[in-house]
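The values are calculated or read from the model by the stated rules, or taken from the named source; none is laboratory data. Here the structure is a predicted model, which means the values were calculated and not measured. Cβ placement follows ideal geometry from the backbone for every residue including glycine, while neighbour counts extend to all protein chains displayed.
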Amino acid sequence: MPRAPLRCFRAGTPDPRGSTLLIMNQAVKSAQLRVVIPADQVQKRVREMARQISDDYRDRIIHVLGILENGFVFMADLVRALEVPVICQFIKPRYKQPAGNGPKEAMEIFFSHDAEIRGHHILLVEGLVHSGITSEFLMSDLLARGAASVKLATLLDRQAARRVQVQPDYFGFLVDDAFVVGYGLGSPEQTNRNLPHIASQA
């Protein structure tokens, strides 16, 4: 049985329940991968997102926090397209098993350097939002640290997999549950992050 095509939706495009879909069903193959969002469309959408973010943050400095590892390529291109001052930093959320009788899983955040959060406008940048659990935790944590505002930007949004009530403020494409790589997103072997496009298994 042939593999169903990955469905990708541009921001502002109605989802399947509202009809119109942007379906990228490319037959381009490279090392067992099929291109589903070509590099030129990725770059075009990143520029569009940057213009919207720049308009929303006019006359303010954005503290951009890139979430490792999936968000690093998207963040690099996004901040270069922004037209407002930015301060860049990377963070790495990690689940850990707490000692004692605490919850089964807890999350800790590693900052690339000492972060100044209080009173600043924070933009979290992810490559893909899936369940939303990590995003929700990070946004709540940053607000608790005194951030003036916290918004979320992601290139890919997998809304059907959401387990919590969190929605990105800015997103590039809606995707289904097919496993994707490229543009910062890695395979289980951590390869293919350097691809300029988004691809799935052929």
Exercise. Among the residues of segment 66-86, which ones are modelled with pLDDT of 95 or more, hydrophobic (A, V, I, L, M, F, W, C) and either out of contact with any Gly (no Cβ under 6 Å at 6 or more places or on another chain) or part of a loop (DSSP other than H, G, I, E, B) (or both)?
Worked result: Ala76, Leu78, Val79, Ala81, Leu82, Val84, Val86
For this session: Specify the residue that is modelled with the highest pLDDT; the eligible residues are those in segment 106-123 that are in a loop (DSSP other than H, G, I, E, B) and surrounded by 17 or more Cβ atoms within 10 Å (Cβ to Cβ).
Result: His120
Problem set entry | Meets criteria (at pLDDT 95 or above, buried (at least 16 other Cβ atoms within 10 Å of the Cβ) and under 27 Å from Ala178 (Cα atoms)) for Ala39 | no
Problem set entry | Residue that is modelled with the lowest pLDDT [pool: residues in segment 158-184 that are in contact with a helix residue (DSSP H, G or I) (Cβ under 7 Å, 6 or more places away or on another chain), part of a loop (DSSP other than H, G, I, E, B) and crowded, with 19+ Cβ neighbours inside 10 Å] | Gly184
Seminar exercise, completed: Of Ser187, Ser135, the only residue that is touching a strand residue (DSSP E or B) at 6+ places or on another chain (Cβ under 6 Å) and part of a loop (DSSP other than H, G, I, E, B) is Ser187
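Looking at Leu128, Leu195, which one is more than 20 Å from Ile62 (Cβ to Cβ), in a loop (DSSP other than H, G, I, E, B) and not basic (Lys, Arg)?
Leu195
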Exercise. Is it true that Ala202 is surrounded by fewer than 18 Cβ atoms within 10 Å (Cβ to Cβ), aliphatic (A, V, I, L, M), at negative phi and at pLDDT below 90?
Worked result: yes
Problem set entry | Conditions (1) of a type in the set (S, T, N, Q); (2) free of Cβ contacts under 8 Å to residues at least 12 places away in the same chain; (3) assigned to a strand (DSSP E or B): number failed by Thr154 | (2)
